[in-house]
């Protein structure tokens, strides 16, 4: 098939660079899926797929992604795609792999249907720097409307910073993240690759891709948690958590509560052997108040009151509204103490 339409083009601003592009409608066989797409790249990197990948291999991977079926139905009902697929100069997709895959499948079902013979594309120039292309992908799929799964986002951030030497500040600016968030993604990604996956490989039936995609949030929680610094700093503790993640013995939201469990030697031992739930149950049995939100809040408030500065104290001295809050708190505490103190029975004469 030949190119059917091509216009004069325009200019896009990508990462501060003015890039001249052309807008075209091309035959479906002139556009190809990107084997370097992070969702595919992960499978190649960690042995899930072997190079070279055929077009059918690439198509099967894309079709297995969440949301593909719904998107294909939408494209079929609308009779085509309207947002152009962004491609490199040679027709390799930069943004729009899933849409292209959907049209490919529809074209395969009915090759005579004119709707599936061509697709609109925006073609990038041959001399565009690779890091600019990768930044464009990050902008679309980390901060944009078509967001990749966390593991694919992290893989793209890792490639930009570690392989293409893009600064964390620039990545943050392009993805609408903070530098701290970018650093956390990098740390979580390296933890998954270097510590969690090696534990997973000890299980012959382990699905690396499944672990990467479903357990990355666990690693990210570990790198984000303010109370988890002691674990992050301890190689043995990191290894223990990696085993828990690799062996499905802890959930993502439970990672946030690890500091409570490891504060006790007994529950730490249970954690290593039987997982988070068993350790948490043991902790509740030993101290029924351990998971009370109210008591945690009261402890936090007590710590804050004890660490007040002179500036804080001045607020209560100078402002009636602040003093009223303090008096109400004092009254509530007195009432609670009274209610929680057993009444002393009168001795019989």
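For the reader, a short list of remarks on this structure follows.
- Count - residues of the range 306-323 that are surrounded by 10 or more Cβ atoms within 10 Å (Cβ to Cβ) and in a helix (DSSP H, G or I): 7
- Matching residues, the range 59-73, being surrounded by 13 or more Cβ atoms within 10 Å (Cβ to Cβ) and either in contact (Cβ under 8 Å) with a residue 24 or more places away in the chain or over 25 Å from the mean Cα position of the chain (by Cα) (or both): 59, 62, 63, 65, 68, 71, 72
- Residue match in the range 3-12 (condition: at pLDDT below 85, on the phi > 0 side of the Ramachandran plot and not in a helix (DSSP H, G or I)): yes
- Applying the criterion of being part of a helix (DSSP H, G or I) and without any contact (Cβ under 8 Å) to a residue 60 or more places away in the chain to the residues of the range 87-110, the residue that is farthest from residue 128 (Cα to Cα) is 109.
- Test: residue in the range 210-228 that is outside any helix (DSSP H, G or I) and either buried (at least 23 other Cβ atoms within 10 Å of the Cβ) or touching a strand residue (DSSP E or B) at 6+ places or on another chain (Cβ under 8 Å) (or both): no
- Residue 121 out of contact with any helix residue (DSSP H, G or I) (no Cβ under 8 Å at 6 or more places or on another chain) and not assigned by TED's automatic domain parsing to the domain that holds residue 9: no
- Residue check, residue 80 at pLDDT 95 or above, under 29 Å from residue 11 (Cβ atoms), surrounded by fewer than 21 Cβ atoms within 10 Å (Cβ to Cβ) and in contact with a helix residue (DSSP H, G or I) (Cβ under 8 Å, 6 or more places away or on another chain): no
- Qualifying residue in the range 21-37 (condition: closer than 18 Å to residue 135 by Cα, at pLDDT 85 or above and more than 26 Å from the chain's Cα centre (by Cα)): yes
The values are calculated or read from the model by the stated rules, or taken from the named source; none is laboratory data. Computed from a predicted structure; not experimentally measured. Here Cβ is always computed from backbone atoms with ideal geometry, including for glycine, and neighbour counts include all displayed protein chains.
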